[in-house]
Amino acid sequence: MRERHAAHLLTRARQITPRLQVTAERAAALAEGDQLALHTEGALRRLIDAADPRAVALVAWWWRYWKERCRYRSGYALATEALRGPAEPPDVAEALFGSAALGYLCGSNEAAAGYAADALARFQQLGDMPGIGNAMSLIGMMELHGGHVRTALEWYQRGLRDVSEKAAPRVYATLLGNIAPVYAAVGDLESARSAAEQAAARYQVIGDELAVSAMLSNLGIWAARAGDRDRAEALLRESSPAGRPCAIARLAARRRGLSLADGPAGSGRPAGPLPPIGHVRAWALALCGPDTAAG
């Protein structure tokens, strides 16, 4: 009975994970994941105790659900425990990548960097193009958030050179989307706009509306920084059905002569320095799922 149960849950995990990247299916996929979560983690613990290679396979397919539900610490603990057992090389590579992502999100930065480097090496050995791009994107994000902007830029540029767009269209779009704010951070807004526009076009083809929205939002903010307020407002409105009212209100305040960094109107106090544009959005895109063209 437990054998069939574990096999069933692994099959369901393989079905759910790709749907997390499809805007129209994401909510339903998460709801299905919620229903299976306790069963899946119970089965995973039994597989770990039995040193069953399917433990790592289950982590490889389930870690993105943990990320989506912000189960960073508990997911990281289970993933790293599973990796102590035997497994097939592709499952090990993906589980290492998941451990890197979850570990970084829960603050285990040094260990996460080690897992990411190990995952990249294994993806390269396997010739796994989406895996290579994903790992390079994650390493670039770690460098960016660590303040090593030039190093981050080099990782993204390397990813765009090494990853075939034909073999990994989603991952290639993600690399473009994530390099855009890095270009902006080094003051190259023209390259930032070009990369974000290319990423948005590719995400539109893929059907990832959330990613398109993120790109349009970045483009709107950069247009505001360049002084093109009409274009900025149009892009920010287009980036979300809700119209991004807070961002547009700040643009309207700037039109009245206030700074984008000003605090609430009439407060008499600054809001503090703005965070680097696009970093949070880029991080959300850095962990893209299995590529539709892969394998």
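The values are calculated or read from the model by the stated rules, or taken from the named source; none is laboratory data. Since we're looking at a predicted model, the values are computed, not measured. In this analysis, Cβ positions are derived from the backbone assuming ideal geometry, glycine residues included, and neighbour counts consider all displayed protein chains.
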Can you tell me which residue in the stretch 161-190 is surrounded by the fewest Cβ atoms within 10 Å (Cβ to Cβ), limited to those that are over 14 Å from the mean Cα position of the chain (by Cα) and under 15 Å from Leu120 (Cβ atoms)? Arg161
Being of a type in the set (D, E, K, R), within 30 Å of Gln204 (Cα to Cα) and part of a helix (DSSP H, G or I) is true for just one of Arg14, Arg4. Which residue is that? Arg14
Looking only at the stretch 199-211, count every residue that is crowded, with 17+ Cβ neighbours inside 10 Å and of a type outside the set (Val, Ile, Thr) and tell me the total. 6
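Select, from Asp52, Asp91, the only residue that is in a helix (DSSP H, G or I) and either among the charged types (D, E, K, R) or outside the structural domain of Ile16 (by TED's automatic domain parsing) (or both).
None of the others qualify; the one that does is Asp91.
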Does Ala28 satisfy being small (Gly, Ala, Ser), surrounded by fewer than 20 Cβ atoms within 10 Å (Cβ to Cβ), free of Cβ contacts under 8 Å to residues at least 40 places away in the same chain and part of a helix (DSSP H, G or I)? yes
Filter result (buried (at least 17 other Cβ atoms within 10 Å of the Cβ), of a type in the set (D, E, K, R), farther than 17 Å from Leu138 by Cβ and free of Cβ contacts under 8 Å to residues at least 40 places away in the same chain) within the stretch 53-101: Arg71, Asp91
Enumeration of residues in the stretch 86-108 that are over 25 Å from Met129 (Cβ atoms) and out of contact with any helix residue (DSSP H, G or I) (no Cβ under 6 Å at 6 or more places or on another chain): Pro86, Gly107, Ser108
